[in-house]
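The values are calculated or read from the model by the stated rules, or taken from the named source; none is laboratory data. Everything numeric here is computed off the predicted structure, so don't read it as measured data. Cβ atoms come from the backbone with ideal geometry, glycine included; neighbour counts cover every protein chain shown. Please note that ligands, DNA and RNA were not included when accessible areas were found on the heavy atoms of the full protein model with its side chains. Shrake-Rupley method; radii C 1.70, N 1.55, O 1.52, S 1.80 Å.
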Amino acid sequence: MEKGASFGLCHLCILLVTFMAIFPCSQGNWMWLGVTSFGVPEKLGCSNLPLSMQQKDMCKKKPYLLSSIREGARLGIQECRNQFKHERWNCSILPSLYTSSPSFSISFLSSSSLASAHSIFSYELSSGTKETAFISAVTAAGLVHTVTRACSAGNMTECSCDTSLQNGGSASEGWHWGGCSDDLQYGMWFSRKFLDAPYKNTTGKESDILSAMHLHNNEAGRMAVAKLMTVDCRCHGVSGSCAVKTCWKSMSSFEKIGSYLKDKYENSIQISDRMKRKVRRKEKNHRKIPVRKEDLVYSNRSPNYCVEDQKLGISGTHGRECNRTSEGPDGCNLLCCGRGYNTHVIRHVERCECKFVWCCYVRCRRCESMTDVHTCK
């Protein structure tokens, strides 16, 4: 083994020992996989990943799904940040570490950085708020999406395309099922087995209201993927006459699924914190109205995301860039919580109006521009 490779492996092992000694595994930390560099989880091995015991067992039985698990976490986190990028809670997962880059390398992490990595969504996952509900739903949907994609791509022997649609269709209307329809069944099954088990007790039931919340919202996220399935078709016939069409079912883009879940977040339902046979609304006057499976539910009100709270890992909105002319959540009035904002003039210098001169170089002008940037006080 080369000296450099040997040093890198030893460095990884030292960091792994430090990581496992300081941070015991707990529920929800599988999302850490979504912000690690490619190949790191595989090097650590299933036993050493921040997973629950049930998740470790599944990882050992199906190690080939580890890349899909990591991609599912990354997809969910990325869409969460995309949906909330202009709001007071901007889905910040690592206030001091996770900035512009969606991944980081474990080989350069200190113990304090590993602490941040292990605390991904730590407060939001246990707060029982609307934010908890969205995180559960979007990451569960992300796992369904990536596992199903792997099935359709032929990357696994346990699943493939949806064979139940073969030879079906409507001959009278000139179309039939064909191609490779996305088969959600395996992705839905795996997402339930991998994500739901940590929140169930030995009898297979939820043990408290927070666990009941996670289980309900996990399923709501999975149902969003199924609900937004689309039918795509390709025409066949002379000169594109479309005399016959071949159709197949496809999952919607994850951005569309994220938007759907964001709408569910905006209309989420507060539930009673008293455990019953099923979740029920907190407001007594509305308890006869059933909570639908596709609704997102929460038990506690959200905290004040305007002000920094280090104990809860809330960074506040101080220093956030805002839009002075917007009346939406990204506007300076709302985002800055009435504190006002500072205006900075940013000077940009770049090459412009470049022309090729014979022979043989490129001549450019030096252009300057000024941009006003507003940040919350």
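Per-structure values
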item	result
Accessible area (Å², 1.4 Å probe, nearest 10) - I269	20 Å²
Sequence of R339, R366 from largest to smallest accessible area, 1.4 Å probe	R366, R339
Projected label distance in nm at M229 and S326, using a 7 Å step from Cα toward the beta-carbon	3.6 nm
Under the Karplus curve 6.51 cos²θ - 1.76 cosθ + 1.60, θ = phi - 60°, whole-Hz ³J(HN,Hα) for the stretch 326-333, x wherever Gly or Pro sits	8, 9, x, x, 8, x, 4, 5
Solvent-free Debye scattering, log10 I(q)/I(0), computed from the Cα coordinates of the stretch 249-317 at q = 0.18 Å⁻¹	-0.88
Stretch gain in nm, segment N201-M370, where the contour uses 0.36 nm per residue and the Cα spacing is subtracted	54.9 nm
Karplus 3J(HN,Hα) series, Hz, for the stretch 123-133 with 6.51 cos²θ - 1.76 cosθ + 1.60 (x for Gly, Pro)	5, 4, 6, 10, 7, x, 9, 4, 5, 4, 4
For the stretch 241-377: accessible area per residue (Å², 1.4 Å)	71 Å²
Y341 long-range amide H proximity, modeled H, under 5 Å	K377
Sequence of H236, H145 from largest to smallest accessible area, 1.4 Å probe	H236, H145
Extended-chain gain in nm, criterion 0.36 nm per residue less alpha-carbon gap, V244 and N267	4.1 nm
Reciprocal of mean inverse Cα separation for the stretch 257-377 (Kirkwood radius, Å)	19.5 Å
Accessible-area value, M229, 1.4 Å probe, nucleic acids and ligands omitted, Å²	50 Å²
Accessible surface of H286 - all protein chains present, 1.4 Å probe, nearest 10 Å²	80 Å²
Using a Förster distance of 56 Å, the FRET efficiency for S47-F356 (Cβ separation, nearest 0.05)	0.40
In order through the stretch 53-61: 3J(HN,Hα) via Karplus (6.51 cos²θ - 1.76 cosθ + 1.60), integer Hz, x for Gly, Pro	4, 5, 5, 4, 4, 5, 4, 5, 6
Heavy-atom accessible area order for I314, I346, largest first, 1.4 Å probe	I346, I314
